[in-house]
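Heads up: the structure comes next, in structure tokens.
The values are calculated or read from the model by the stated rules, or taken from the named source; none is laboratory data. None of the values given here were measured: they were computed from a predicted structure. All Cβ positions, even for glycine, are placed from backbone atoms using ideal geometry, and neighbour counts span all protein chains on display. What goes into the accessible areas is simple: the full protein's heavy atoms, side chains included, and nothing from ligands, DNA or RNA. Shrake-Rupley method; radii C 1.70, N 1.55, O 1.52, S 1.80 Å.
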2 protein chains.
Amino acid sequence: MSSKKLRVLPLGGLGEIGKNMTVIEYDGRIVVVDTGLMFPTAEMHGIDLVLPDFSYLRDRADDIEAIVLTHGHEDHVGALPYVLREIGIPPVIYGGLLTIGMVRSKLDEHKLGEKANLQELPAGEKVQRGPFGIELVHLAHSIPDMRGVLLTTELGTMLMTGDYKFDQTPVDGRPADVSRLAQIGSEGLMLLCGDSTNADRPGVAPSESSVGPALLRQFEQCEGRIIVTSFASNIHRVQQVIDAAAALDRKVALVGRSMRKNYNIASNLGISQAPKGIFIQPREIENFPDEKVVVISTGSQGEPLSALRRMANNDHRDVQLHAGDTVVFSATPVPGNERAVNETIDRIYEIGATVVTAADAPIHASGHGWQEELKLMLNLTKPRYVMPVHGDFQRLRLHAELAEAVGVDAESIFRGRNGLPLEVDADGARFGEDVHAGVMYVDGVNIGDPDDAALHDRREISADGIFIVVATISADDGSVVADPEVIFRGVAFIDEADALVEELKDMVEDTLDDAAEAGNRKADLIEQDLHDAIGKLVYQRLRRRPMILPVVIEV
Amino acid sequence: MSSKKLRVLPLGGLGEIGKNMTVIEYDGRIVVVDTGLMFPTAEMHGIDLVLPDFSYLRDRADDIEAIVLTHGHEDHVGALPYVLREIGIPPVIYGGLLTIGMVRSKLDEHKLGEKANLQELPAGEKVQRGPFGIELVHLAHSIPDMRGVLLTTELGTMLMTGDYKFDQTPVDGRPADVSRLAQIGSEGLMLLCGDSTNADRPGVAPSESSVGPALLRQFEQCEGRIIVTSFASNIHRVQQVIDAAAALDRKVALVGRSMRKNYNIASNLGISQAPKGIFIQPREIENFPDEKVVVISTGSQGEPLSALRRMANNDHRDVQLHAGDTVVFSATPVPGNERAVNETIDRIYEIGATVVTAADAPIHASGHGWQEELKLMLNLTKPRYVMPVHGDFQRLRLHAELAEAVGVDAESIFRGRNGLPLEVDADGARFGEDVHAGVMYVDGVNIGDPDDAALHDRREISADGIFIVVATISADDGSVVADPEVIFRGVAFIDEADALVEELKDMVEDTLDDAAEAGNRKADLIEQDLHDAIGKLVYQRLRRRPMILPVVIEV
């Protein structure tokens, strides 16, 4: 037995723990499991994407043996271009077939495809990278080719499940590899890091293949056009929609950039199949009778620029919704998207079309296992230590309770947080010292800290607007040499703006006169005086506190 | 029979139809039913409140016979101060006892209390105002003293239900007045405008009085402190929490401004009762053993500044949450608030306290009737015409289907929208011509249009920031007389800001030189040139489009 330590460090943030990226370290060498991103909320004014803060890896590029990706969802792979650009290109990036296909397309878009060594690692095949044995274990999820990551060091093995369910009848006929999981359990698993997403749902998640027949039943009741929306990456869901359309002799149009892109990737890899001639182009939709068309569209989360949202706003080039259409939401809103989804649904109702959601019929199945599946994973793999991940604090606690329920010692269960590394050695396991974690924001081409003053300024200006005051004074004696300029933006509903601007100009001149009289010639001091005087007057008049930006020009 | 028309005009917006304010007109005279407001979403940068656009009433102050308020919720009374200030004070404002009490307190805060003639109109009492007979009909809701509004003209009677449920066992022992509703039906009701909020829920809403025993069962399982959060205006809910606390010999602290205010109003009116000595001050909480305390707090919707949110953030003066505390959410999230509520819950879990929600136990009951109740209302009142209101397009359609199911003719059911008046005369009913409706925003002390340029500017600046460029030129020959100033705010993560600023200053000087050479001396033309040149360079460098604000000073 070695005296070396295994460190498991979850990075990221925004509510979920150990979701987007995990750094596993042993003997100075590193494997990174997943490099995912998060999506900004409305409060993050103008931010495009949210990344895990991976500054822990800065200057460690040479220590990284491999990046291993569990599956192709954005919250598990989306940060990869940024990691490669900021940290460096590791020797190899492993994943399942579709995962590698999707990531290749993504890296090509970022002009990083040629530099990165992307390798499909077939499930069950073992490779050795430095001190790590690496093996992928086939599991089921709402995207094909989902893999758990089994890492073996001298200390023992650990399994990161990634996102998974035990679907006994998946669409591709390849259920989670329970035999291998059982074998791992009998060989002795040191640590299980398991998905907690649905730790609050009793029972077993419905099978993905139960969705197809339910969709077909819905389709059979539709006399007009059918528009189905789902996640573009849910290749098997899209496949089932195509199959149901084919069964009813309807044509299929794929609408939305990511829908077409993902279908093409999956189709090229042989993961998706469709009857010859079933597809029509979006612009051809109007050439076919309504009862002969199924549209598969992006926008299941009510995303502002998505194809479905445009349709609901009567603003889509190829699809004009009308009475008689049925829009089928084969997805549920991700928490936080409820309002956007509800708005989209109601606009469709306003148009006079009908909406069917997962509340009306079993036309959606979660990709994450429910409580009985989490217990099955624990019972199959019989881990010595358990670290629940992929969930908020509530779900981690519930997952921990499930682990206790199947007989794991309470002191062998580690409920952590992002930035808190679990350290395992021959003597046991414990949390180490906190590491700087959190998130980074992507704004245009730049990446930065959420505490950046610019974002504070955006919040301030977006709440109350901005006043800019330009005063021009003589460098010789501080006297006013041009009329002050007062400009405002984002200051709402001013009835008497002209009067206020005049009042402010007078105040600027008074302030400048006072400063000149007092012998105060320093521009920054005058600016401070202007800032305070103007802020006070604006608040008196408007009861708001816009940003005040005084500029003193000396000529 | 008169040839005059009755017009029913719903005003407002933000997804619900006929919710906040309805103008009823007959023979040139007006009754306004409800004057409610809406709450802004995160996309409405810095807006404080959203009001129905009631410009239709401008110059009609003299025609208003009365404002009638169904109940005291903000979405039914919150716009009243603005209506009184902008339109004028009507002769009388009617409502139930608590409604008038709450509105009096609100108008006093706005210094309008002395001018407004607020009158409690007891249920069943009829008054005549101009051509309108007015009667309030007692109904049940999640606030006491909820009243439907029965208006009688020469043409017949119409009933606006307001928000209601048929609670057979309400906490105050006063169920909805089904006898009067039946009588209205047998006398002949011309038009029913009915609440559609829960038109999608089959069955009957649980009684408010079923919540008390469920709360008591929860409380009995708690060994530490109990913190209950609910809507402050749900007086009967707060009463039931107090009763459960009393049964377990626990003290009660009311935390949060609106919780204390509403309780005081209800208590002064005799609507709330509590055992002597049960209340303690928030600052005294720590003086009592945990198992002897119940805190009743605002914040059930995760509101950023609410007492519960502060507790969850470890930032409340009087209540520090800790392991052993149980936080009971006796409320469900209003659509759109899910994320804020989830965040609050998860922070409480992070602290180590336990959370109980309406998903865990029947500790909440909706204040809006479900499908069977909407049908009962229709069957009791037997309306000739039905206009479903209080809901989005989906719920209005479902409510219309319920009306058809109980036998109302499809052509007698009118699914409208805000701004579309229903007109009824001796010949029948039909929609009239659209009226300008929509919403107005309140920003500080000012009210204005959502399309105000200021809000567009806020969105632009909050997305990408702002660059301000000040150029000082000679009025004589256009030559540059001072170094240009380049200032930016809200522009995130610029690695080489100094270099960019220098580059921009050079470009400003070049642009000014070009303008001087070309004989272009007009400040506004130079500003346009600067705007375009700087915008282009900034986009090249940052891939963002911040607002560019050039200022040319001539000396």
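Here is the interface size for A with B: some 5400 Å² of accessible area buried, both sides summed, with a 1.4 Å probe. Modelled spin labels at A:D477 and B:D449, positioned 7 Å past Cα toward Cβ, are 4.9 nm from each other.
Restricting the GluC sites (Glu not before Pro) of region A:467-522 to loop positions (DSSP other than H, G, I, E, B) with no more than 15 neighbouring Cβ atoms within 10 Å leaves A:E496. Each other residue within a Cβ distance under 14 Å of A:P213 adds +1 if Lys or Arg and -1 if Asp or Glu, for a net charge of -1. The calculated FRET efficiency for the pair B:D200 and A:Q168, based on their C-beta separation and a Förster distance of 41 Å, comes to about 0.80.
Label-to-label distances for A:D318 across copies, nearest first, come out at 6.1 nm, using points 7 Å from Cα in the beta-carbon direction.
Between A:E120 and A:Q273, how high is the FRET efficiency from 1/(1 + (r/R0)^6) when r is the Cβ-Cβ distance and R₀ = 22 Å? Nearest 0.05.
0.65
What distance in nm separates the two pseudo spin-label positions at A:R545 and B:R417, each 7 Å out from Cα along the beta-carbon direction? Roughly 4.1 nm, to one decimal.
Among beta bridges from DSSP that stay inside the protein assembly as shown, the antiparallel ones total about 55%. Applied to region B:300-312, the Karplus parametrisation 6.51 cos²θ - 1.76 cosθ + 1.60 on θ = phi - 60° returns per-residue 3J(HN,Hα) values of 5, 9, x, 4, x, 9, 6, 4, 5, 4, 5, 4, 5 Hz, with x for Gly and Pro.
Neighbours of B:A246 by Cβ distance under 14 Å: Lys/Arg scored +1, Asp/Glu scored -1, total +1. Only counting protein heavy atoms at a 1.4 Å probe, give the residues of region A:461-496, ordered by number, whose accessible area falls by 50 Å² or more when the other protein chains are present relative to the chain alone. In region A:461-496, residues shielded by partner chains: A:I461, A:S462, A:R489, A:G490, A:A492, A:F493.
How big is the Cα convex hull of the protein assembly as shown in projection, averaged over all directions, in nm²? Averaged projected hull area, Cα only: 49.6 nm².
Helix hunt in chain B: which complete DSSP H runs extend at least 15 Å axially by C-alpha with mean Kyte-Doolittle at least 0.0? Length and hydropathy pass: B:97-109, B:235-247. For a paramagnetic label modelled on A:S258 (point 7 Å from Cα along Cα→Cβ), amide N atoms under 18 Å away belong, within region A:145-163, to A:145-146, A:163. In the full protein context, region B:183-340 carries 41 Å² of accessible surface per residue, based on a 1.4 Å probe and ignoring ligands, DNA and RNA. Taking H as built 1.01 Å from N, whose amide H comes closer than 5 Å to the amide H of A:F279, not counting residues under 5 places away? Under 5 Å from the amide H of A:F279: A:V252. Each residue of region A:494-539 gets 58 Å³ once the volume of the Cα convex hull is shared out per residue. Calculated mean residue ellipticity, 222 nm, chain A: -9500 deg cm²/dmol, from DSSP H runs (n ≥ 4) at -39500 (n - 2.57) each, averaged per residue and rounded to 500. In sequence order, region A:315-320 has phi-based couplings of 9, 9, 4, 9, 10, 9 Hz under the Karplus curve 6.51 cos²θ - 1.76 cosθ + 1.60, θ = phi - 60°, and Gly or Pro positions carry x. Using the alpha-carbon centroid of each, what span in Å lies between region A:173-210 and region B:514-555? The two parts, judged by their Cα centres, are 61 Å apart.
Accessible area per residue for region A:92-176 is 35 Å², calculated with a 1.4 Å probe on protein heavy atoms, without ligands, DNA or RNA.
Residues whose amide H falls under 5 Å from that of B:N418, counting only those 5 or more places apart or on a different chain, are B:G18, with hydrogens built in the peptide plane. When you restrict to C-alpha pairs under 8 Å that are six or more residues apart and normalise by the size of chain B, the relative contact order lands at 15 percent. Only Lys, Arg, Asp and Glu carry charge here, each on its Cβ (+1 for the first two, -1 for the last two); on that basis chain B has a dipole of about 2880 debye about its Cα centre.
Lys/Arg Cβ at +1, Asp/Glu Cβ at -1, dipole of region A:453-512 taken about the Cα centre: which of A:V480, A:F467, A:T511 is farthest positive-ward? Final value for the positive-end residue is A:F467. 7 Å from Cα along Cα→Cβ at both B:E223 and A:K4: what's the point-to-point distance in nm? Inter-label distance under the simple model: 4.5 nm.
Residues of region B:241-256 falling in the label zone of B:R283, defined by backbone nitrogen less than 19 Å from a point 7 Å along Cα to beta-carbon, are B:252-256.
Scan region A:81-128 for trypsin sites (Lys or Arg not before Pro) in coil per DSSP, keeping those whose Cβ has at most 14 other Cβ atoms within 10 Å, and list them by number.
Answer by residue number: A:K111, A:K115.
Residue by residue, region A:133-149 carries 3J(HN,Hα) couplings of x, 10, 9, 9, 10, 5, 10, 9, 6, 7, 8, x, 6, 7, 9, x, 10 Hz when phi is fed to the Karplus relation 6.51 cos²θ - 1.76 cosθ + 1.60 (θ = phi - 60°); x denotes Gly or Pro.
Carbon and sulfur: what percent of region A:214-260's accessible surface (1.4 Å probe)? The partial results should precede the final answer.
On the way: 730 of 1620 Å².
Of the solvent-accessible surface of region A:214-260, carbon and sulfur hold 45 percent.
Note on the protein assembly as shown: with charges restricted to the Cβ of Lys and Arg (+1) and Asp and Glu (-1), its dipole about the Cα centre is near 4500 debye.
Annotation: for a label point projected 7 angstrom from Cα along Cα→Cβ of A:H110, no residues of region A:298-316 have a backbone N closer than 13 Å.
Neighbours of B:R283 by Cβ distance under 14 Å: Lys/Arg scored +1, Asp/Glu scored -1, total 0. For B:E509, the point set 7 Å out from Cα toward Cβ sits 3.3 nm from its twins in the other copies, listed from shortest up.
Each Lys and Arg Cβ is given +1 and each Asp and Glu Cβ -1; about its Cα centre, region B:487-555 then shows a dipole of about 500 debye.
Amide hydrogen proximity for A:V491: with H placed 1.01 Å from N in the peptide plane, the residues at 5 or more positions away or on another chain lying under 5 Å are A:I466. Which of the residues in region A:516-555 lose at least 20 Å² of accessible area when you go from the chain alone to all protein chains together (probe 1.4 Å)? Listed in order, they are A:L542, A:R543, A:R544, A:L549, A:V551, A:I553, A:V555. Per-atom-type breakdown for region B:457-555 gives carbon and sulfur 41% of the accessible area (1.4 Å probe, protein chains only).
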